[in-house]
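Here is the structure we will look at, set down as structure tokens.
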Amino acid sequence: MKFIKRILPILFILAAVTACGARSGENKTAGKDGTEKKYTVTLNQDQFLKKVTDFKANPDGWKYLGDKPAIIDFYADWCTYCKKLAPVLEELAKEYEGQLVIYKVNTDNEKEIATAFGIRALPTLLFIPMEGMPEVAQGAVPKAELKKYIESFLLKKSN
């Protein structure tokens, strides 16, 4: 829980990021079999504990379990801004495929994860670098800002 106490101030500082530069609509990419291919990955609690962090076994600390930097989109199906952000995240997941992973956690279905991370506003994005502490942003962040943050914070590329 110490991790939660450390990340909450960051959550409130970044709460001002609520501008919506995302375009609405669906982003579908047909796979070889004609079905929609999704580049983002929706996680349930069991998958979250194995792929992101086991907050149950390690409630006082942060240990990322992934092999690539990640973004976690905490969302709900009823959230208008979440719906506007979803196609942007799908485009970014496709664009940065192999370099980072974009996970989605439905806060209505995964209440324990949302509670553990202090999610109080939607959408909330958790940016997880390979080393160091994650950072948080709230709101439908414009694609250009997300790309800058991915490049500088997650992929550590200089301008």
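Modelled with pLDDT of 95 or more, within 16 Å of residue 39 (Cα to Cα) and either hydroxyl-bearing (Ser, Thr, Tyr) or under 13 Å from the mean Cα position of the chain (by Cα) (or both): is that true of residue 92 in this structure? Spelling it out, residue 92 is indeed modelled with pLDDT of 95 or more, within 16 Å of residue 39 (Cα to Cα) and either hydroxyl-bearing (Ser, Thr, Tyr) or under 13 Å from the mean Cα position of the chain (by Cα) (or both).
Of everything in region 39-69, what is in a loop (DSSP other than H, G, I, E, B) and within 23 Å of residue 95 (Cβ to Cβ)? Give them in sequence order.
Taking region 39-69 as the starting set, the residues that turn out to be in a loop (DSSP other than H, G, I, E, B) are 39-40, 43-44, 52-69.
Those that are in a loop (DSSP other than H, G, I, E, B) and within 23 Å of residue 95 (Cβ to Cβ): 39, 40, 43, 52, 64, 66, 67, 68, 69.
Just the residues that are touching a residue at least 40 places away in the same chain (Cβ under 8 Å) and farther than 16 Å from residue 154 by Cβ, please, taken from region 52-74.
Hits for region 52-74 are 55, 59, 60, 61, 74.
The set of residues from region 31-71 being closer than 17 Å to residue 125 by Cα and either small (Gly, Ala, Ser) or surrounded by fewer than 16 Cβ atoms within 10 Å (Cβ to Cβ) (or both) comprises 41, 42, 44, 66, 68, 70.
Looking at the structure I just gave you, is residue 86 touching a residue at least 12 places away in the same chain (Cβ under 8 Å), crowded, with 21+ Cβ neighbours inside 10 Å and outside any strand (DSSP E or B)? Before the answer, list the steps.
Working: touching a residue at least 12 places away in the same chain (Cβ under 8 Å): yes; crowded, with 21+ Cβ neighbours inside 10 Å: yes; outside any strand (DSSP E or B): yes.
The answer is yes for residue 86.
In the condition set (1) buried (at least 19 other Cβ atoms within 10 Å of the Cβ); (2) part of a helix (DSSP H, G or I), residue 74 is compliant with all but (2). Only one entry in 19, 70, 15, 76 is modelled with pLDDT of 95 or more and closer than 20 Å to residue 143 by Cβ, namely 70. Got a number for residues in region 114-125 being closer than 12 Å to residue 75 by Cβ and either without any contact (Cβ under 8 Å) to a residue 60 or more places away in the chain or not in a strand (DSSP E or B) (or both)? Adding up the residues that qualify gives 6.
The values are calculated or read from the model by the stated rules, or taken from the named source; none is laboratory data. All values derive from a computational prediction rather than experimental measurement. Note that we place each Cβ from the backbone using ideal geometry, even for glycine, and neighbour counts take in every protein chain shown.
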